[in-house]
Amino acid sequence: MSDFHIRAATSEDARFLGDMLVEAANWNVAAARPRIAVMEDPKVSRYVAGWPRPGDFGSVAVDANGAPIGACWGRLFAANAPGYGFVATGVPELTLGVNAQWRARGVGRALLQAVARQASLAGHARVSLSVERANFAQRLYISEGYVTVESGENSDTMVRAVH
Ligand SMILES: CC(C)(COP(=O)(O)OP(=O)(O)OC[C@H]1O[C@@H](n2cnc3c(N)ncnc32)[C@H](O)[C@@H]1OP(=O)(O)O)[C@@H](O)C(=O)NCCC(=O)NCCS
């Protein structure tokens with residue numbers, strides 16, 4: 001039933017990471033935008049633009065046929081061009097998305113755990129992310145050890161130690 005495994009993301013996953021970025025941006029289906037509109041929004045597309053850049057790392061979940069079904073990855077942002085979940089220079093910000101038909105089968109949690117290991121191996125002490133409080137994904141993050149460090153109007157910035 002839930003036959004999937006996790007592998008490291010490569011340069012060939014750029015398109016799929018874009019797909020998962022669109023899933024993340026469109027988590028609220030009532031407010032979903034077409035892929036092209038999401039990818040033309042520089043505040044969103046910056047999470048995958050030029051993938052892979054130096055410092056990027058990530059994991060892809062694949063089904064029994066090797067087809068990608070979900071991805072989680074980390075990217076560093078500069079203080080003068082921060083992502084939504086920026087906390088400090090040198091703390092990578094994560095993006096997570098799973099294909100709709102594969103959700104609620106443990107893929108998201110497995111990806112988060114794999115990327116935490118990758119971040120640790122890359123020498124990072126922490127990772128961060130931004131999540132809207134209405135998104136149930138926040139409960140997944142809490143259960144994986146993420147703690148809210150800053151709250152905006154609708155969203156929280158969360159951090160987890162990975163060392
Ligand atoms: C958020 C997301 C990545 C989670 O991935 P997933 O593979 O569905 O998550 P998992 O199966 O690992 O489930 C993690 C937990 O969330 C719970 N969960 C899964 N789907 C749920 C739902 N629709 N409503 C409430 N809880 C849910 C699971 O029960 C699980 O908790 P448990 O282990 O205690 O049972 C996925 O739903 C997704 O891609 N959503 C759209 C994009 C998105 O919101 N990205 C994050 C933006 S910050």
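The values are calculated or read from the model by the stated rules, or taken from the named source; none is laboratory data. Note that the structure is predicted; figures quoted are calculated from it, not measured. No Cβ is skipped: glycine too gets one built from the backbone with ideal geometry, and neighbour counts run over all protein chains shown. Accessible surface is based on the protein model in full, side chains and every heavy atom, while ligands, DNA and RNA are left aside. Shrake-Rupley method; radii C 1.70, N 1.55, O 1.52, S 1.80 Å.
Listed values, structure above:
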read-out	value
Hey, Arg53 in a helix (DSSP H, G or I), touching a residue at least 12 places away in the same chain (Cβ under 8 Å) and surrounded by fewer than 20 Cβ atoms within 10 Å (Cβ to Cβ) or not	no
In the range 113-163, residue surrounded by the fewest Cβ atoms within 10 Å (Cβ to Cβ) [restricted to those that are more than 11 Å from the ligand (Cβ to nearest atom) and of a type in the set (D, E, K, R)]	Glu153
Residue in the range 95-113 that is within 15 Å of the chain's Cα centre (by Cα), of a type in the set (Val, Ile, Thr), over 16 Å from Val147 (Cβ atoms) and not in a helix (DSSP H, G or I) present	yes
Residue in the range 73-81 that is within 24 Å of Ala14 (Cβ to Cβ) and near the ligand (Cβ under 9 Å from one of its atoms) present	no
Any chance Arg75 is in contact with a helix residue (DSSP H, G or I) (Cβ under 9 Å, 6 or more places away or on another chain), basic (Lys, Arg) and at pLDDT 95 or above	no
So Gly58, is it out of contact with any Asp or Glu (no Cβ under 8 Å at 6 or more places or on another chain), closer than 20 Å to Val115 by Cα and open to solvent by less than 20 Å² (accessible area, probe 1.4 Å)	no
